[in-house]
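Here's the structure we're looking at; comments come further down.
The values are calculated or read from the model by the stated rules, or taken from the named source; none is laboratory data. Just so it is clear, the structure is predicted and the values come from calculations on it, not from any experiment. Note: ideal-geometry Cβ built from the backbone for every residue, glycine included; neighbour counts use all protein chains shown.
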Amino acid sequence: MSDTSLDTATPAKLGRSLWDDARDRLLANKAAVTSIIVLAVIAVLSIFGPMFLPHQYDTVYRDYTKVPASLEAYPRQDQVEPAFNKIAKRARLSIESYKMREDGFVEAQVTSKRKIKERNAKRHFDRSDLFADTMVQGLTDGGKSATIVSRINYMHFYFGTDANGRDLLSRTLIAGRVSLTIGLLATIVAISIGVIYGATSGYLGGRVDLVMMRVVDILYSLPFIFFVIMLVVFFGRNFVLMFIAVGAVEWLDMARIVRGQTLSIKRQEYVQAAEAMGITDRGILKRHIIPNTLGPVVVYMTLLVPKVILLESFLSFLGLGVQEPMTSWGVLISEGARNLEGASWLLIFPSIFLTSTLFALNFIGDGLRDALDPKDR
Amino acid sequence: MTKLNENTVLEISGLKVDFATNTGTVNAVKGVNIHVDKGETVAIVGESGSGKSQTMMAAMGLLASNGITTGHVRYKGSDILGLPPRKINKIRGAKITMIFQEPMTSLDPLYTIERQLCEPMVQHGNYTWATAKKRAVELLDLVGIPEPARKVKAFPYEMSGGQRQRVMIAMALANDPDILIADEPTTALDVTTQAQILELMAELQQRLGMAVVFITHDLGIVERISDRVYVMKEGEVVEEGQTKEIFEKPNHSYTRMLLDAEPTGRKDDVPADNPVVLSGDKVRVEFETEGGFMKPNHVLRAVNDISLNVREGQTLGIVGESGSGKSTLGRALLQLLPSEGRVVYCGKDISGAGRKAMRPLRKQMQLIFQDPFGSLSPRMTVGQVITEGLLVHEPHLSAQQRDQRAIEALQEVSMDPAMRNRYPHEFSGGQRQRIAIARTMVLKPKLVVLDEPTSALDRTIQKQVVELLRNLQTEHGLTYLFISHDLAVVRAMSDTVMVMQKGEVVEQGSVSDIFDNPQQDYTKELINAAALKLEEFI
């Protein structure tokens, strides 16, 4: 190369790619933008929410099984005295006087036939989910009478609790992590395999195409559940296995879609031009075919994520998916459906999260389709 | 010429068309006044994007949904603009009819010609199915289709492009229209067919006495058939008048530019003892189509034993109508299609060479395509498009050096190098063709096959591209194989010309031999149909 004095420094004007145009059209679509915001909020809540919640997703509150969703704190005023009485009875204490103090403490004068052991009494009360920081004061009457002061342990269950007394809010958010991760990872697995396989098959054509697509047909004919059970038998139950299984099945659709696209793209003149320039097959696939198939792929991806989330729910429902105490939206919903009578919140809250995610993804998919191919509108 | 009289059948006044797009409003037509008198032929001329088609589409209420029309369109005195579809349909398709450019897609492939001809006649209430069928046969006869009684039962795929366009004309004539609007009706046809269709239209007009509005970019057609001309540019009528006056004394500079847009000049001769770059000996290409179960495969011979020789710095023009095998020949010579026969490039036998063997030679042998919209990958920037070949042929270059080469290539085709980070869809057709040329020039080739490089471009841009190609040739000593159906361009570009028909060479010789003294009937027919202004060059 001769060193000509060309002005390399001329600021090259940046062009607007087709992707830029598509993004603008997408942002002009109100339903799609709302959906993106909803999805982002759900994702952020699922990822960071559990860190800020007072309850762990696997902590069991035995005294609060199936309490309804409420903005008020538990225990309720009228629950305190019966609970206190019950514990006192179990600790073989009889209550002489009972008083609820303004500052959230319970103060009771108790007597017993035997000598009251401070540690024993404390253990009985503190073991309950309702009371904490119990103090035994003023032992009199030879240790057979005392004053018990116990703090009422107020807790919030905004979404209620499940049949085991676990906080549904933190469980729903943890489930969101699992469902979204599986949805995303399985989709990425499916799409990467599908795009590469489909583009290669379509571009090479001829006998290679024939063999590659017959392989797809054979895989299609395998029953999905049978396939998953087989994987579980070989590798044991495993979180990673989930998206390998789902991804390994879902890429078949993707491969067919991309192959069809490739067949039409490879007749385009820019592909012929690249061939005439002596570009390698790899280069043509990488620079010409795959970027031009990505439009439909992106749309299909937004539709695949909900499909995968539902598939995972189905597998978990069968007991092949995630295992307790870990959970996913599908598991929560199937539990909720069993407790629909009497504990409807168990179904309602996870369903709200799942359906809004699915709706959002579908709207985004619609928006993307319009944005990427405006001629179709 | 704006004086109106009772003879005026269609009057368009102050017509404006705006398109609301997400990048703002596009004013496609900016206040156009056009009138059409009874029985006259009016031509609307302009380059692509001048709003000539949009004007008539708007007048007929056929705009895309984001189009907004204002102004007046009066048919025999009553305003038809903005009428509800039910009312306008009484006029549209009956009294004012249209023919479109694409005869291949204007007919529904699922129905017979008869059904498609009769439907509008019955719809408009003038015929019953029985009478319409009789009329359909008459109409086909009228537009010169042989054996109309048999052809009326045919499906569109059984007819050629020219015949389909005749059917479209028959359909437009079905309800005795007052006005026939023809939107580039011959652009998609071969020159010889084009001439026949124009003849037919002129004859029908004389016989039936309707007015014809002819939308075209081809001034040759205008001169031949129209009475009056409107010249449109960027949504405005810049000049109007009698055809003769406009052609003899054009007032507007744009009209003058259109008039002398035909590529002129000829290529300088090259020494006859230059080495032969490419020679083909009995090149034959066959396509096999499966004959079906138990039937032998059908073999189509697209190129039949063609031999040729091109010397360094020469241009061989290959002329022929669509289907003559000229593009197939070009691709076969570059070993992009399997072929028989011997192909020798710079003394090296490359016939039957595989992709691997050809790769080092691809740098020197390039191909430029017809469609500047299809031949650039839409998701790559212009810089990436241009330098892609360097990735293979000069892999040692750094990204910066490649960028430098892109800048040089763009300057060579007279484009602003600052544009190299833009995407192809941001450029016009002519600019894209320049980019496509830059893409081949960056590799510094020896031989370039140009497959109809100017056919999709407007005349004025065609002229620029032809000049650019000629300059590049003299500068770099390139050898061209120039494939085209456009005789004017071939004459301006070539040293020798080869006329092809149905895969065979009809006539071969130097430019002056072929154009000034054609021997074969087919060559003469082609030259006549193209209506070249031969006298200018003698």
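Structure values in brief
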{"item": "Residue match in the stretch A:117-124 (condition: in contact (Cβ under 8 Å) with a residue 40 or more places away in the chain and over 30 Å from A:LEU173 (Cβ atoms))", "result": "no"}
{"item": "The listed residue being modelled with pLDDT of 85 or more, of a type in the set (Gly, Ala, Ser) and within 30 Å of B:HIS217 (Cβ to Cβ), out of B:GLY323, B:GLY317, B:GLY341", "result": "B:GLY317"}
{"item": "Considering residues of the stretch B:436-451 that are at the interface with another protein chain (Cβ under 10 Å from one of its Cβ atoms) and under 25 Å from the mean Cα position of the chain (by Cα) only, the residue surrounded by the fewest Cβ atoms within 10 Å (Cβ to Cβ)", "result": "B:ASP451"}
{"item": "Identity of the residue in the stretch A:42-54, within 16 Å of A:SER351 (Cα to Cα) and among the aliphatic types (A, V, I, L, M), that ends up surrounded by the most Cβ atoms within 10 Å (Cβ to Cβ)", "result": "A:ILE42"}
{"item": "So A:ALA28, is it modelled with pLDDT of 85 or more and in the same structural domain as A:LEU169 (by TED's automatic domain parsing)", "result": "no"}
{"item": "Selected residue (only one of A:GLY295, A:GLY319 is within 14 Å of chain B (Cβ to nearest Cβ), more than 13 Å from A:ALA190 (Cβ to Cβ) and surrounded by fewer than 20 Cβ atoms within 10 Å (Cβ to Cβ))", "result": "A:GLY295"}
{"item": "Candidate set from the stretch A:276-292 (those that are surrounded by fewer than 19 Cβ atoms within 10 Å (Cβ to Cβ) and facing chain B (nearest Cβ under 10 Å)); member that is farthest from the chain's Cα centre (by Cα)", "result": "A:THR280"}
{"item": "Residue among A:LEU354, A:LEU347 that is surrounded by 20 or more Cβ atoms within 10 Å (Cβ to Cβ) and at pLDDT 85 or above", "result": "A:LEU354"}
{"item": "Complete set of residues in the stretch B:426-435 that are more than 7 Å from chain A (Cβ to nearest Cβ) and in a helix (DSSP H, G or I)", "result": "B:GLY429, B:GLY430, B:GLN431, B:ARG432, B:GLN433, B:ARG434, B:ILE435"}
{"item": "So B:ALA132, is it within 24 Å of B:THR193 (Cα to Cα), in contact with a Cys (Cβ under 6 Å, 6 or more places away or on another chain), of a type in the set (A, V, I, L, M, F, W, C) and crowded, with 18+ Cβ neighbours inside 10 Å", "result": "no"}
{"item": "Lone unmet requirement of (1) facing another protein chain (nearest Cβ under 10 Å); (2) under 15 Å from A:GLU269 (Cα atoms); (3) modelled with pLDDT under 85 for B:GLN366", "result": "(3)"}
{"item": "B:LEU397 vs. criteria among the hydrophobic types (A, V, I, L, M, F, W, C), in a helix (DSSP H, G or I) and surrounded by fewer than 19 Cβ atoms within 10 Å (Cβ to Cβ)", "result": "no"}
{"item": "Single match in B:ARG405, B:ARG379, B:ARG422 (criterion: under 26 Å from B:TYR480 (Cβ atoms) and free of Cβ contacts under 8 Å to residues at least 60 places away in the same chain)", "result": "B:ARG405"}
{"item": "Some residue of the stretch B:479-494 being over 19 Å from B:SER279 (Cβ atoms), of a type in the set (Asp, Glu) and part of a loop (DSSP other than H, G, I, E, B)", "result": "yes"}
{"item": "Among the candidates B:LEU333, B:LEU361, residue that is within 29 Å of the chain's Cα centre (by Cα) and more than 7 Å from chain A (Cβ to nearest Cβ)", "result": "B:LEU333"}
{"item": "Close pairs from the stretch A:21-39: first within 14 Å of chain B (Cβ to nearest Cβ), partner aromatic (Phe, Trp, Tyr), Cβ under 9 Å, at least 6 apart", "result": "A:ASN29/A:PHE363"}
{"item": "Tally of residues being within 24 Å of the chain's Cα centre (by Cα), among the hydrophobic types (A, V, I, L, M, F, W, C) and surrounded by fewer than 20 Cβ atoms within 10 Å (Cβ to Cβ) across the stretch B:147-173", "result": "1"}
{"item": "Residue selected from the stretch B:404-424 under the condition at the interface with chain A (Cβ under 7 Å from one of its Cβ atoms) and assigned to a helix (DSSP H, G or I), by the criterion surrounded by the fewest Cβ atoms within 10 Å (Cβ to Cβ)", "result": "B:ALA418"}
{"item": "Odd one out for B:PRO372 among (1) within 28 Å of B:VAL303 (Cβ to Cβ); (2) facing another protein chain (nearest Cβ under 10 Å); (3) surrounded by fewer than 17 Cβ atoms within 10 Å (Cβ to Cβ); (4) at pLDDT below 85", "result": "(3)"}
{"item": "Failed item in (1) under 26 Å from B:MET493 (Cβ atoms); (2) surrounded by 15 or more Cβ atoms within 10 Å (Cβ to Cβ); (3) under 29 Å from the mean Cα position of the chain (by Cα), with B:ILE350 passing the rest", "result": "(3)"}
{"item": "Unmet criterion (only one of (1) modelled with pLDDT under 85; (2) assigned to a strand (DSSP E or B)) for B:GLU536", "result": "(2)"}
{"item": "Among residues of the stretch B:20-67, those that are within 14 Å of chain A (Cβ to nearest Cβ) and in a loop (DSSP other than H, G, I, E, B), counted", "result": "5"}
{"item": "Wholly within the stretch A:259-368, helices (runs of 4 or more DSSP H) carrying at least 1 residues that are in the same structural domain as A:THR172 (by TED's automatic domain parsing) and in contact (Cβ under 8 Å) with a residue 60 or more places away in the chain", "result": "A:281-284, A:290-317, A:329-338"}
{"item": "Within the stretch A:127-149, tally of residues that are touching a residue at least 24 places away in the same chain (Cβ under 8 Å) and within 19 Å of A:GLU81 (Cβ to Cβ)", "result": "8"}
{"item": "Filter pass, B:LEU468 being within 27 Å of the chain's Cα centre (by Cα) and hydrophobic (A, V, I, L, M, F, W, C)", "result": "yes"}
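Residue-wise test of (1) of a type in the set (S, T, N, Q); (2) farther than 27 Å from A:ILE229 by Cβ.
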site: A:VAL271; (1), (2): no, yes
site: A:ALA274; (1), (2): no, yes
site: A:THR280; (1), (2): yes, yes
site: A:ILE289; (1), (2): no, yes
site: A:ASN292; (1), (2): yes, yes
site: A:VAL297; (1), (2): no, yes
site: A:MET301; (1), (2): no, yes
site: A:GLN323; (1), (2): yes, no
